[in-house]
Amino acid sequence: MSDAPTVAVFRPDDDRLERAAELLADLGVEPVPDPMLAVEATDATPRTDADYVVFTSKTGAELVSAAGWEPNGETVCAIGPATADALRAEGYDVDLVPEEFTSSGLVAALESRVDGARVEVARSDHGSPVLLEGLEGAGAYVHETILYRLVRPADSGESAELAAEGELDAACFTSSLTVEHFLEAAAERGIREAALDGLEHATVGVIGEPTAETAAERGIEVDVVPEEATFDALARETVAAISAHES
């Protein structure tokens, strides 16, 4: 590796990982692409009797299109601009994107509108309970459709080895599941405690408070939680924080 700081990135092993690594390289660091998530599609599609359909990822947008989903007059909601862009790219209209690109942001955007409405939440098998509970609390009849399962690739864990060796300068966790899978990969290698110690001396950035809470519960101190819940913001703020963490 070069003398540039090493930064682990845990996006799924597709164009998202490639773009994330390119962004980190453009920011002057050495990316360590370590995909902690792999997608297993269920081929399910949202129910057709909903008033609202909520999508929470680009992957979900692409999978429902591949499975042949056709809207039936529902209000289509996307958790953020990346998901909205993916839906539009597949030919779907998007009616609502919250100001805050999180589950709680979606709840805030919908809670005054969904009392008595049927809301279909179409997402992965590891979605936050915040969304379902918040919508139900607002009076909605909520149904969840699992579009895909998120599993850990068998060969993941390079970043855990680097952390255990003290050679990882930063890590960008994009969800609670990436935190859990990182630690699982480290445990498989018998280096869980060493990897945790390595993260203690690194800059740790995460997307969203739920991810920050998961990290804290597992003994990982978080340095960066960007206000904007996007990888771009996470990468830029984490890289900017590396020098401050080392000083």
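The values are calculated or read from the model by the stated rules, or taken from the named source; none is laboratory data. Note that the coordinates shown come from a computational prediction; the quantities given were computed from them, not determined experimentally. With ideal geometry, Cβ positions are generated from the backbone for all residues, glycine too; neighbour counts draw on all protein chains shown. When the accessible area is computed, the model is the full protein with side chains, heavy atoms only, and any ligands, DNA or RNA have been set aside. Shrake-Rupley method; radii C 1.70, N 1.55, O 1.52, S 1.80 Å.
Using the structure shown, decide if Arg123 is under 16 Å from Ala61 (Cα atoms) and open to solvent by 60 Å² or more (accessible area, probe 1.4 Å). Here the answer is no, as Arg123 does not meet what is asked.
The sole residue among Arg149, Arg192 that is basic (Lys, Arg) and in contact with a strand residue (DSSP E or B) (Cβ under 7 Å, 6 or more places away or on another chain) is Arg149. Per the conditions (1) modelled with pLDDT of 95 or more; (2) under 20 Å from Asp232 (Cα atoms); (3) of a type in the set (Ser, Thr, Tyr), the sole criterion not satisfied by Tyr52 is (2). Here Ala117 clears all of (1) closer than 25 Å to Ala21 by Cα; (2) touching a strand residue (DSSP E or B) at 6+ places or on another chain (Cβ under 7 Å) except the condition numbered (1). Candidates in region 208-240 are the residues that are touching a residue at least 40 places away in the same chain (Cβ under 8 Å) and more than 15 Å from the chain's Cα centre (by Cα); of these, the one that is farthest from Pro129 (Cα to Cα) is Val239. For region 20-49, a residue qualifies if it is open to solvent by 40 Å² or more (accessible area, probe 1.4 Å), over 20 Å from Leu63 (Cα atoms) and within 17 Å of the chain's Cα centre (by Cα), and exactly one does: Pro33. Counting only strands (runs of 3 or more DSSP E) that sit wholly inside region 140-247, those with at least 1 residues that are open to solvent by 10 Å² or more (accessible area, probe 1.4 Å) are 141-151. The set of residues in region 123-134 being outside any loop (DSSP other than H, G, I, E, B), touching an Asp or Glu at 6+ places or on another chain (Cβ under 8 Å) and either touching a residue at least 40 places away in the same chain (Cβ under 8 Å) or β-branched (Val, Ile, Thr) (or both) consists of Arg123 alone.
Only one of the numbered conditions (1) under 18 Å from Gly139 (Cα atoms); (2) open to solvent by 20 Å² or more (accessible area, probe 1.4 Å); (3) not polar (S, T, N, Q) is not met by Leu106, and that is (2).
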